[in-house]
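*Asks:* I have a structure I would like to understand better, so I am pasting it below and will then ask my questions one at a time.
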There are 2 protein chains.
Amino acid sequence: MIRKVQPYVPGEQPNGTNIIKLNTNENPYPPSPFVEDALKNLDAGAFRRYPDPSASALVKEIAAYYGLEEGQVFVGVGSDDVLALAFLTCFHSDRPILFPDITYSFYDVWANLFCIPYEKAPLDDAFQIRPEDYKKENGGIVFPNPNAPTGILTPLEQVEEILCANTDVIVIVDEAYIDFGGSSALPLLKRYDNLLIAQTMSKSRSLAGMRIGFLLGSQKLIRYVNDCKYSFNSYTMSQAAIAIGAAAMRDKAYFLECTGNIIETREWAKGEFQRLNFSFADSLGNFLFVTHPKHSARKLFEALRQEGIFVRHFQGPERIQNYLRVTVGTREEMEALFSFLEKYGC
Amino acid sequence: MIRKVQPYVPGEQPNGTNIIKLNTNENPYPPSPFVEDALKNLDAGAFRRYPDPSASALVKEIAAYYGLEEGQVFVGVGSDDVLALAFLTCFHSDRPILFPDITYSFYDVWANLFCIPYEKAPLDDAFQIRPEDYKKENGGIVFPNPNAPTGILTPLEQVEEILCANTDVIVIVDEAYIDFGGSSALPLLKRYDNLLIAQTMSKSRSLAGMRIGFLLGSQKLIRYVNDCKYSFNSYTMSQAAIAIGAAAMRDKAYFLECTGNIIETREWAKGEFQRLNFSFADSLGNFLFVTHPKHSARKLFEALRQEGIFVRHFQGPERIQNYLRVTVGTREEMEALFSFLEKYGC
């Protein structure tokens, strides 16, 4: 009997030279020069050998960067891979897991794939997570921080409030966008062994194309995830991904410069969107979630697409259907966007 | 609640320059020169973008090589990844799946991970699959051809006999080692839409380090596997894996030369093992599964290890505990092995 599922649909990856791609939250800057060096040093002859199944060269760099033990780090093929494995490992109960109604749209897909019951907790009218919604019986909790696609950060005290009320289950904080100004739950790892943090090198480290994500947690929890990983695929990280990911982690100065530039552009872009009468949440991600009182999101999306400017429009809960998610690109890309929106009549 | 599993344990990946590594069925030759070119042409700057989620450049080459439609090819992170997803997709039933008692030891691990019931069908005394064991009610069938770790090929007529008796379930033929002289079930795809073939670039195409495996099947079946894949991780294949895998598929001449050399060394090695009084099945893989009447496999394993020669010894069903699986290396590596075994007193 075949398992029939409704898969997640990733944002499109259009080809073409003259396009402005603000639809999949990619980084507008290339990865660190360290990555280029690591790529040059790869030895094709060595590809005949299996990679280190524990990817320890990469794990080591991540652990060192965050001041953790190596046993507290799990790496995988992008944050989707590590989140999928975290769901499979940690949400193994008959009680429903909880996540926001407006959130990363992969959560219910994973839950359906693994037959995990779930309940969605509605965000409040300002699109904020309400910690009290996460204080009922459940089989685990997951939410992004900042949330996607809104960009809104849940303050660390509220994250702790949720952790504190759920010490008998695992709470996954999906920090795919944490490097653009948010406060990571990292300091809470010392006090909460029910906390699992997911991060990725796709956004803040410009490595979407190499597929590298990771989990941070207690040694015990990471060991359980590793057991499931070794029950799925012994060798997930290629020799190339291990070397390139490790190189990217080593270049802290470049990382800070890049993310700093993106934050600066985002804050400037907020002013521009305001000037053009858009409303939006105060995003701390590398994207803005915007709506216009006069122009429908769907029509704007299509008009921008015609112009070669790709943004993301989600079918999804009704109250977000009139929103667009716009990745923060370079200053020039954003200027082209605003210049079009102005001409369009926003 | 945590899912607690007993993971598969991969063969060790020892470091060191003076070792002879015959323990994980790697190819003793480097990948095609086309791979080196593809590696040189990778653009680190492009890594900031997501890869093509459908990996179509790679899918296209595989389809062209085997004369299939692109919709008949599914690619993933090594054959373990594609097999894991095939289990998850195709074995979604309360009836037990069937596989041999002596076989790739990942099958029961996947079944346990996904809570798939299973039954093992014992090989006969010559370690051969008995097609009649696969004619009872079941939730699906999987077996390697050639079988691992024996190397014994099930003739195509018997593969067809099994397919024919099981048209209501999916039969996965795991052809990780088919390129070393066996007959692929590929021609049967036309007649059996319950057939799914798994192959890998790790062995015959010297790309273990880059993690590339694939499934071949009917368009309908491949679509279902893709739905599950897109419900797990949208982007599994990195830009590097896509480009390098596609390059390897294009170099048919090199592939034939390499696999030809390995077959030649294997056949010569059979003579040497015989001369030293080993018994073994007539392997069509890139490995031999050998036992000696006087020397225990475990002791031989340890003595070889001391010498820097790594082979594989499986704890497992009792009747294979006195066997060693020896990967076919270069002629020189095999000569070093035989020279040690001779000195050891075999």
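*Asks:* Tell me, yes or no, whether region A:67-81 has at least one residue that is over 26 Å from B:Met1 (Cα atoms), surrounded by fewer than 21 Cβ atoms within 10 Å (Cβ to Cβ) and not assigned by TED's automatic domain parsing to the domain that holds A:Phe340. Outline the logic, then answer.
*Replies:* Here is the first cut: in region A:67-81, the residues over 26 Å from B:Met1 (Cα atoms) are A:67.
After this cut, where a residue has to be surrounded by fewer than 21 Cβ atoms within 10 Å (Cβ to Cβ) as well, the list is A:67.
From what's left, not assigned by TED's automatic domain parsing to the domain that holds A:Phe340: A:67.
Within region A:67-81, one or more residues are over 26 Å from B:Met1 (Cα atoms), surrounded by fewer than 21 Cβ atoms within 10 Å (Cβ to Cβ) and not assigned by TED's automatic domain parsing to the domain that holds A:Phe340.
*Asks:* Something else: Of B:Gly151, B:Gly181, B:Gly209, which residue is at pLDDT 95 or above, touching a helix residue (DSSP H, G or I) at 6+ places or on another chain (Cβ under 6 Å) and on the phi > 0 side of the Ramachandran plot?
*Replies:* Values: B:Gly151 fails: touching a helix residue (DSSP H, G or I) at 6+ places or on another chain (Cβ under 6 Å); B:Gly209 fails: on the phi > 0 side of the Ramachandran plot.
The unique qualifying residue is B:Gly181.
*Asks:* Take A:Tyr177 and decide whether it is out of contact with any Leu (no Cβ under 8 Å at 6 or more places or on another chain) and either crowded, with 23+ Cβ neighbours inside 10 Å or within 11 Å of another protein chain (Cβ to nearest Cβ) (or both).
*Replies:* Details: out of contact with any Leu (no Cβ under 8 Å at 6 or more places or on another chain): no; either crowded, with 23+ Cβ neighbours inside 10 Å or within 11 Å of another protein chain (Cβ to nearest Cβ) (or both): yes.
So A:Tyr177 fails the test.
*Asks:* Does at least one position in region A:266-289 carry a residue that is surrounded by fewer than 23 Cβ atoms within 10 Å (Cβ to Cβ), in contact with a His (Cβ under 8 Å, 6 or more places away or on another chain), assigned to a helix (DSSP H, G or I) and modelled with pLDDT of 95 or more?
*Replies:* Scanning region A:266-289 turns up no residue that is surrounded by fewer than 23 Cβ atoms within 10 Å (Cβ to Cβ), in contact with a His (Cβ under 8 Å, 6 or more places away or on another chain), assigned to a helix (DSSP H, G or I) and modelled with pLDDT of 95 or more.
*Asks:* May I pose another question? Of everything in region A:30-41 that's more than 7 Å from chain B (Cβ to nearest Cβ) and within 25 Å of the chain's Cα centre (by Cα), which residue is farthest from A:Glu332 (Cα to Cα)? Outline the logic, then answer.
*Replies:* Applying the first criterion (more than 7 Å from chain B (Cβ to nearest Cβ)) to region A:30-41 yields A:32-34, A:37-38, A:40-41.
If we keep only those that are within 25 Å of the chain's Cα centre (by Cα) as well, we get A:32-34, A:38.
Values: A:Ser32: 21, A:Pro33: 22, A:Phe34: 25, A:Ala38: 29 Å.
Here the residue is A:Ala38.
*Asks:* If you don't mind, there's one more thing I want to ask. Given A:Ile102, A:Ile116, A:Ile97, which one is more than 10 Å from chain B (Cβ to nearest Cβ), within 18 Å of the chain's Cα centre (by Cα) and either crowded, with 17+ Cβ neighbours inside 10 Å or within 20 Å of A:Ser202 (Cα to Cα) (or both)? Give the steps one after another, and end with the answer.
*Replies:* Details: A:Ile116 fails: within 18 Å of the chain's Cα centre (by Cα); A:Ile97 fails: within 18 Å of the chain's Cα centre (by Cα).
Sole residue among the options that is more than 10 Å from chain B (Cβ to nearest Cβ), within 18 Å of the chain's Cα centre (by Cα) and either crowded, with 17+ Cβ neighbours inside 10 Å or within 20 Å of A:Ser202 (Cα to Cα) (or both): A:Ile102.
*Asks:* Which condition breaks for A:Thr167 when tested against (1) more than 13 Å from the chain's Cα centre (by Cα); (2) within 30 Å of B:Phe47 (Cα to Cα); (3) among the polar types (S, T, N, Q)?
*Replies:* (2)
*Asks:* Another question, then. Looking only at residues in region B:16-54 that are part of a loop (DSSP other than H, G, I, E, B) and among the hydrophobic types (A, V, I, L, M, F, W, C), which one is surrounded by the most Cβ atoms within 10 Å (Cβ to Cβ)? Steps first, answer last, please.
*Replies:* First pass over region B:16-54, keeping only residues part of a loop (DSSP other than H, G, I, E, B): B:16-19, B:22-32, B:41-43, B:49-54.
Next, only the ones that are among the hydrophobic types (A, V, I, L, M, F, W, C) stay: B:19, B:22, B:42.
Values: B:Ile19: 14, B:Leu22: 26, B:Leu42: 22.
Across region B:16-54, the extreme among qualifying residues is B:Leu22.
*Asks:* Identify all residues within region A:213-255 that are more than 8 Å from chain B (Cβ to nearest Cβ), of a type in the set (Gly, Ala, Ser) and assigned to a loop (DSSP other than H, G, I, E, B); write none if there are none.
*Replies:* Residue satisfying the conditions is A:Ser218 alone.
*Asks:* Also: Can you tell me how many residues within region A:22-39 are closer than 22 Å to A:Pro146 by Cα and either β-branched (Val, Ile, Thr) or touching a Pro at 6+ places or on another chain (Cβ under 7 Å) (or both)?
*Replies:* The number of residues fulfilling the criteria is 1.
*Asks:* When the residues of region B:138-153 are filtered to those that are part of a loop (DSSP other than H, G, I, E, B) and either within 11 Å of the chain's Cα centre (by Cα) or assigned by TED's automatic domain parsing to the domain that holds B:Asp282 (or both), which remaining residue is farthest from B:Ser183 (Cα to Cα)?
*Replies:* Just the residues of region B:138-153 that are part of a loop (DSSP other than H, G, I, E, B), to begin with: B:138-140, B:145-153.
Add one more test, that the residue is either within 11 Å of the chain's Cα centre (by Cα) or assigned by TED's automatic domain parsing to the domain that holds B:Asp282 (or both), and what stays is B:145-149, B:151.
Numbers: B:Asn145: 9, B:Pro146: 9, B:Asn147: 13, B:Ala148: 16, B:Pro149: 18, B:Gly151: 13 Å.
Out of the qualifying residues, it is B:Pro149.
*Asks:* Go through the residues of region B:95-110 one by one and say whether even a single one is among the acidic types (Asp, Glu) and under 23 Å from A:Met1 (Cβ atoms).
*Replies:* Among the residues of region B:95-110, at least one is among the acidic types (Asp, Glu) and under 23 Å from A:Met1 (Cβ atoms), which makes the answer yes.
*Asks:* So, A:Glu157, is that one away from chain B (no Cβ under 14 Å), free of Cβ contacts under 8 Å to residues at least 12 places away in the same chain and of a type outside the set (A, V, I, L, M) or not?
*Replies:* Values: away from chain B (no Cβ under 14 Å): yes; free of Cβ contacts under 8 Å to residues at least 12 places away in the same chain: yes; of a type outside the set (A, V, I, L, M): yes.
Considered against the rule, which asks whether it is away from chain B (no Cβ under 14 Å), free of Cβ contacts under 8 Å to residues at least 12 places away in the same chain and of a type outside the set (A, V, I, L, M), A:Glu157 comes out as yes.
*Asks:* I'd like the full set of residues that are assigned to a loop (DSSP other than H, G, I, E, B) and more than 9 Å from chain A (Cβ to nearest Cβ), limited to region B:188-204. Before the answer, list the steps.
*Replies:* Narrowing region B:188-204 to residues assigned to a loop (DSSP other than H, G, I, E, B): B:191-194, B:201-204.
B:Arg191, B:Tyr192, B:Asp193, B:Asn194, B:Met201, B:Lys203, B:Ser204 - these are the residues of region B:188-204 that are assigned to a loop (DSSP other than H, G, I, E, B) and more than 9 Å from chain A (Cβ to nearest Cβ).
*Asks:* Identify the single condition in (1) closer than 18 Å to B:Ile172 by Cα; (2) at pLDDT 95 or above that B:Leu58 does not satisfy, given that it satisfies every other one.
*Replies:* So B:Leu58 meets the others, but not (1).
*Asks:* Going through B:Ile20, B:Ile62 one at a time, which residue ends up being in contact (Cβ under 8 Å) with a residue 12 or more places away in the chain, more than 9 Å from chain A (Cβ to nearest Cβ) and within 20 Å of B:Gly285 (Cβ to Cβ)?
*Replies:* The conditions single out B:Ile20.
*Asks:* Exactly one of these conditions fails for A:Ala44: (1) in contact with an Asp or Glu (Cβ under 7 Å, 6 or more places away or on another chain); (2) more than 9 Å from chain B (Cβ to nearest Cβ); (3) hydrophobic (A, V, I, L, M, F, W, C); (4) within 30 Å of B:Thr327 (Cα to Cα). Give me its number.
*Replies:* (2)
The values are calculated or read from the model by the stated rules, or taken from the named source; none is laboratory data. For clarity, every value in this text was computed on a predicted model and none was experimentally measured. Neighbour counts run over all protein chains shown; Cβ positions are idealised from the backbone, glycine included.
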